[in-house]
Amino acid sequence: MLTHNTLAGKHALVCGASQGIGRACAIELAKAGARVTVLARTAQTLEKTLESLAKYGSGHKAVVCDLSDMRQLSSILPTTCTDVDILVCNSGGPAPGPLASAESQALDAAFTQHVLSNVALVQACAPHMKKQNYGRIINIISTSVKIPIPNLGVSNIVRGATASAAKTFAGELGPFGITVNNILPGFTKTQRLEQIIQNTQSKTGGERDAVEDSFTKDVPARRFAEPEETAYACVFLASPFASYINGINLPVDGGRTGCL
Ligand code: NAD
């Protein structure tokens, strides 16, 4: 059973933790007993996450880093990743738009932020995890790895690449007690979803309720997720109870994805 000390003694690094799903993951991991390092681009917003974490255990800290800048990332890896047992790879999704008109610069930037940073983080955290014979790597990506999402052309590509990297790492690191899994969120109440709703409203001129209904009509749960509902899946995958789950894509989407 997961309890408040299931993850006691474990150190979690949660990327993109200043808001949304990443922030919820950081808080739920701390509630389960982990010491948490939160990473994002802005010290001020990370401070707010740290204030929330302070209610649950001690030793939490913040690291400022832009995951789209490999030089910045390389500079923090040696000090940040020495004793990470649980790595949550997460950041903001690429801008919407069709792939047919995507600029190569946007593709390049998204590949760096989502794929190259992911590989660098895993490579930096793996040596300690191997020594401990315990490691949990969890990528927060998207259901687009199963069914590409229209108008998220750039995102669809990098999510697929991240999922493939996870499956590859799962095979390479599995013999050392390390699991690598992907969480695929559905519509989750965060600022990103808020922006998508507002963009849709301004394009269609529709009422907010109508826009929300148009999103939830294909979700068997008929509602959006709370960020915590995704974070609970993250805590489970991070725990010893998920020791034989490796290399999977786990949708947390209220049943929306129309395939297995
Ligand atoms: P969000 O935009 O609310 O939060 C993203 C977090 O990542 C923030 O803390 C932000 O500061 C941080 N971040 C952004 N760019 C960064 C960078 N370059 N370097 C470091 N940190 C950076 O997003 P969210 O809704 O919490 O979603 C998290 C992930 O899940 C995203 O990849 C998103 O595309 C994906 N997702 C979200 C939904 C949804 O409905 N919310 C659905 C499917 C997939």
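Just name one of 25, 238, 150: the one whose Cα is farthest towards the positive end of the charge dipole of the chain (beta-carbon charges, Lys/Arg +1, Asp/Glu -1).
Result: 238.
To the nearest 10 degrees, how steeply does helix 70-80 sit against the main Cα axis of the chain, on a 0 to 90 scale?
Relative to the chain, helix 70-80 is tipped by roughly 40 degrees.
If each of residue 130 and residue 168 carries a label point 7 Å out from its Cα toward its Cβ, how far apart are those two points in nm?
Distance between the two pseudo-spin positions: 1.7 nm.
Measure off 7 Å from each Cα along the Cα-to-Cβ vector at residue 58 and residue 192, then give the distance between these two points in nanometres to one decimal.
Here the modelled spin labels are 3.5 nm apart.
Hey, got the dipole for the stretch 60-184? About the Cα centre, +1 on K and R Cβ, -1 on D and E Cβ, debye to the nearest 20?
Numbers: 8 positive and 7 negative charges, 69 e Å.
Dipole size: approximately 320 debye.
Only helical DSSP H runs with n ≥ 4 go in: add -39500 (n - 2.57) per run for the chain, normalise by residue count and round the 222 nm mean residue ellipticity to 500 deg cm²/dmol. Display every interim value, and only then the final one.
Working: 9 runs with 114 residues, N = 260.
Mean residue ellipticity at 222 nm (helix-derived): -14000 deg cm²/dmol.
Does the stretch 105-260 come out rounded, prolate or oblate by the C-alpha gyration tensor, with a ≥ b ≥ c the root eigenvalues, rounded set by a/c under 1.5 and, if not, prolate when a/b is larger than b/c and oblate if not?
Numbers: a/c = 2.55, a/b = 1.73, b/c = 1.48.
Because a/c hits 1.5 or more and a/b exceeds b/c, the stretch 105-260 counts as prolate.
Please state, as a whole number in µm²/s, the translational diffusion coefficient that the Stokes-Einstein equation yields for the chain at 25 °C and 0.890 mPa s, with Rh defined as the Kirkwood radius across alpha carbon pairs.
Working: Rh = 18.5 Å.
So the translational diffusion coefficient is about 132 µm²/s.
May I ask you to order 225-231, 247-253 by the average number of other C-beta atoms within 10 Å around their residues, highest value first? Show your work: numbers first, answer last.
On the way: 225-231: 20.4, 247-253: 18.7.
Listed from highest to lowest mean packing, they are 225-231, 247-253.
Using alpha carbons only, how many degrees (0 to 90, rounded to 10) separate the axis of helix 117-132 from the longest principal axis of the chain?
30 degrees
PRE reach from residue 241 (point 7 Å along Cα→Cβ): which of the stretch 170-191 fall under 19 Å by backbone N?
Taking a point 7 Å out along Cα→Cβ of residue 241, the residues of the stretch 170-191 whose backbone N falls under 19 Å are 179-184.
In nm, to one decimal, how far is the modelled label at residue 43 from the one at residue 103, with both set 7 Å along Cα→Cβ?
3.1 nm
Across the chain, where is the longest run that never hits trypsin sites (Lys or Arg not before Pro) in a DSSP loop with at most 15 other C-beta atoms within 10 Å? Each step should come with its number before you reach the end.
Details: sites that count: 55, 217, 222, 223.
The longest uninterrupted stretch comes out as 56-216.
Which residues' amide hydrogens lie under 5 Å from the amide hydrogen of residue 250, considering only partners 5 or more residues apart or on another chain, with H built in the peptide plane?
The list, which skips near neighbours in sequence, is 182, 183, 184.
Determine the sum of side-chain charges near residue 110: Lys and Arg each +1, Asp and Glu each -1, restricted to other residues whose C-beta is under 13 angstrom from that of residue 110. List each step's numbers first, then the result.
Details: positive: 159; negative: 103, 108.
Its environment carries a net charge of -1.
Over the stretch 180-233, consider all pairs of different Cα atoms and compute the Kirkwood hydrodynamic radius from their mean reciprocal separation; express it in Å, one decimal.
Numbers: mean 1/r = 0.0824 Å⁻¹.
Roughly 12.1 Å, rounded to one decimal.
With +1 assigned to the C-beta of every Lys and Arg and -1 to the C-beta of every Asp and Glu, and no other charges, what is the dipole magnitude of the chain about the Cα centre in debye, to the nearest 20? Don't skip to the answer; put the middle values down first.
Details: 23 positive and 20 negative charges, 90 e Å.
Computed about the Cα centre, the dipole is about 440 debye.
Quick note: the coordinates plus some simple rules give every number you see, no bench work behind them. In this text, all values refer to a predicted model and were calculated from it rather than measured experimentally. Every residue, glycine as well, gets a Cβ built from its backbone with ideal geometry; the counts of neighbours run over all protein chains shown.
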